Amino acid sequence: MSDRLFIFDTTLRDGEQVPGCQLNTVEKIQVAKALEALGVDIIEAGFPISSPGDFNSVIEISKAVTWPTICALTRAVQKDIEVAAEALQYAKRKRIHTGIGTSDPHIKHKFNSNREEIIERAVAAVKYARKFVDDVEFYAEDAGRTDNEYLVRVIEAVIKAGATVVNIPDTTGYCLPDEYGAKIKYLVDHVSNIDKAVISTHCHNDLGMATANTMSGVLNGARQVEVTINGIGERAGNTAMEEIVMILKSHHEIKIETNINTQKIYPVSRMVSSLMNMPVQPNKAIVGRNAFAHSSGIHQDGVLKNMETYEIINPRDVGIDDSSIVLTARSGRAALKHRLSVLGVELSQDKLDDIYEQFLKLADRKKDINDDDILVLAGANRSQNRRIKIEYLQVTSGVGVRSVASLGLNVAGEKFEAVASGNGPVDAAIKALKRIIDRQMTLKEFTIQAISKGSDDMGKVHMQVEYNDQMYYGFGANTDIIAASVEAYIDCINKFVK
Ligand code: KIV
Ligand code: ZN
């Protein structure tokens, strides 16, 4: 008999806390539906008190999703809990996730409090949350650095107060796998009422040990894991869902199962990466571009003779199939629609028509259109209703000459033009842009990246622009990297011009 491991996805809460990864409500619903189809048990949909956007997203996700439990985060504060309960009103299954820091540094520096008072606040929060919902998860923030004997007292008290799940976060990503596993075992052995709650892991990846720590927690008794798609999350990120799921699927000797339909892993990974403008590193386990690419002659020879020689996972098991790069200028609307739906993007006929037109233009410039290109097109389509748009851009540049850019912009229906020179084509184009949009803004970060390979490839540009002491993140994608750079800058400006 296999044990069941609950998958708690926090892509839309911990994952979304990453600067530049914020999604709007429509995009969050798209991700939530994809997570539901993937088979996750719990979706942490947001932190409702933190912003009206988060509040609204929890409401809309609750309406859009049927099977997974919808979870909302709070601090151990009554108002937070009331707002979370309100945001969860439409959820078919609902959970409040409340908690407080339990390590000495948190108790002393964050709360200026003491251990006894923290237990009282934790218990009060759980009891209060239970007035609104039957399913209450308690997190002991920084449990990774919390003294084990004290942690036992906290966990025992919150279970007695009504917590159904107890989350033991390694908030700083500090623990070693043996240490984290021993902590979970210590709780299993010493918390007298532990049989009344599920133990959850929540590991951060600051030292690259999130997956190892999570597995160690599971092997020692945890039956819920808090994870994100592609391992995104604060700082170095959270435990990657795909890694835990595929470890359990590959190691048959561990008799623990999840509800995840692994063939949907890759499409969901691409969708999250594209919507959040967060590239997946090529060598990322399970979902990286090179995860199944055998380049050395010896490996290729072995794999051609028998896949088992070097492959422990069949790429098809995670939804990677050979047809992922087959769209060309001759592909029809139906093929594009099919590919988009494999990637988890469902569109109305009008939107599909728009994207198809852009697809044909791109296919004129680029021979093979891959999944990333398609997702970028779908993403570009999302931002079409922005206030500022490029009408035209012409740049002359070369060796021994100064670059000159002429730019035409449409700002809320009005046309503007400017010409500027610069020390390179991007510099000239941005200067022309700043002549039209005359604000005190400073470019803080600028990254250009080819999407896959080939000189005809699309370039992706990520930018950070500072305006009025606030940071704005922008994204652009185009086969012309100067145009992609201007698009990314305009994407930033569109976020603060009214
Ligand atoms: O890392 C952490 O401790 C958290 C809690 C809020 C669960 O994200
Ligand atoms: Zn976290």
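The rows are residues; the columns are (1) surrounded by fewer than 24 Cβ atoms within 10 Å (Cβ to Cβ); (2) of a type in the set (A, V, I, L, M, F, W, C).
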{"site": "Ile184", "(1), (2)": "yes, yes"}
{"site": "Ile199", "(1), (2)": "yes, yes"}
{"site": "Asp206", "(1), (2)": "yes, no"}
{"site": "Val225", "(1), (2)": "no, yes"}
{"site": "Arg235", "(1), (2)": "yes, no"}
{"site": "Glu257", "(1), (2)": "yes, no"}
{"site": "Asn277", "(1), (2)": "yes, no"}
By residue number, the members of region 233-259 that are more than 16 Å from ligand 2 (Cβ to nearest atom) and part of a helix (DSSP H, G or I) are Glu242, Glu243, Val245, Met246, Ile247, Leu248, Lys249, Ser250
When region 450-476 is checked residue by residue, the ones that are of a type in the set (S, T, N, Q) and closer than 14 Å to Glu487 by Cα are Gln464
Inside region 349-378, the number of residues satisfying the requirement of being under 12 Å from Ala477 (Cα atoms) and of a type in the set (Val, Ile, Thr) is 2
When region 453-492 is checked residue by residue, the ones that are part of a helix (DSSP H, G or I) and in contact with a Leu (Cβ under 8 Å, 6 or more places away or on another chain) are Ile482, Ala483, Val486, Tyr489, Ile490
Here the qualifying pairs (Cβ atoms under 6 Å; residues six or more apart or on different chains; first in region 243-260 and polar (S, T, N, Q); second loosely packed, with under 15 Cβ neighbours inside 10 Å) come out as Ser250/Ile312
Residues of region 159-189 being more than 16 Å from ligand 2 (Cβ to nearest atom) and either assigned to a loop (DSSP other than H, G, I, E, B) or under 14 Å from Lys127 (Cα atoms) (or both), in sequence order, are Ile159, Lys160, Ala161, Gly162, Ala163, Thr164, Leu176
For region 471-498, pairs from a residue that is open to solvent by less than 20 Å² (accessible area, probe 1.4 Å) to a residue that is among the acidic types (Asp, Glu) and part of a helix (DSSP H, G or I), with Cβ under 7 Å and 6 or more apart or across chains, are Gly474/Asp491; Gly476/Glu487; Gly476/Asp491
Exactly one of Asp3, Asp54, Asp9 is open to solvent by 10 Å² or more (accessible area, probe 1.4 Å) and under 20 Å from Arg223 (Cα atoms), and that one is Asp3
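Pick from region 398-416 the residues that are open to solvent by 80 Å² or more (accessible area, probe 1.4 Å) and over 38 Å from the mean Cα position of the chain (by Cα): which of them is farthest from Asp480 (Cα to Cα)? Write out each step before concluding.
Looking only at region 398-416, we keep the residues that are open to solvent by 80 Å² or more (accessible area, probe 1.4 Å), and these are 399-402, 414-415.
Now narrow it down to the ones that are over 38 Å from the mean Cα position of the chain (by Cα): 399-402.
Values: Val399: 19, Gly400: 22, Val401: 20, Arg402: 19 Å.
Out of the qualifying residues, it is Gly400.
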Going through region 211-227 in order, the residues found to be within 13 Å of ligand 2 (Cβ to nearest atom) and in a helix (DSSP H, G or I) are Asn213, Thr214
> Quick one: is Val166 assigned by TED's automatic domain parsing to the domain that holds Pro68, within 21 Å of Ile42 (Cα to Cα) and at pLDDT 95 or above?
Replying inline: yes
The one condition Cys175 fails out of (1) closer than 16 Å to Arg223 by Cβ; (2) within 16 Å of ligand 1 (Cβ to nearest atom) is (1)
Filter region 10-62 for residues that are assigned to a helix (DSSP H, G or I) and within 16 Å of ligand 2 (Cβ to nearest atom); the one that is farthest from Ser269 (Cα to Cα) is Ser50
Going through (1) farther than 29 Å from Asn24 by Cβ; (2) within 16 Å of ligand 2 (Cβ to nearest atom); (3) in a helix (DSSP H, G or I) one by one, Asn230 fails only at (1)
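The values are calculated or read from the model by the stated rules, or taken from the named source; none is laboratory data. Remember, predicted model here, so these are calculated numbers, not experimental data. Cβ: placed from backbone, ideal geometry, glycine included. Neighbour counts: every protein chain shown. For accessibility, only protein heavy atoms count, side chains too; no ligands or nucleic acids. Shrake-Rupley method; radii C 1.70, N 1.55, O 1.52, S 1.80 Å.
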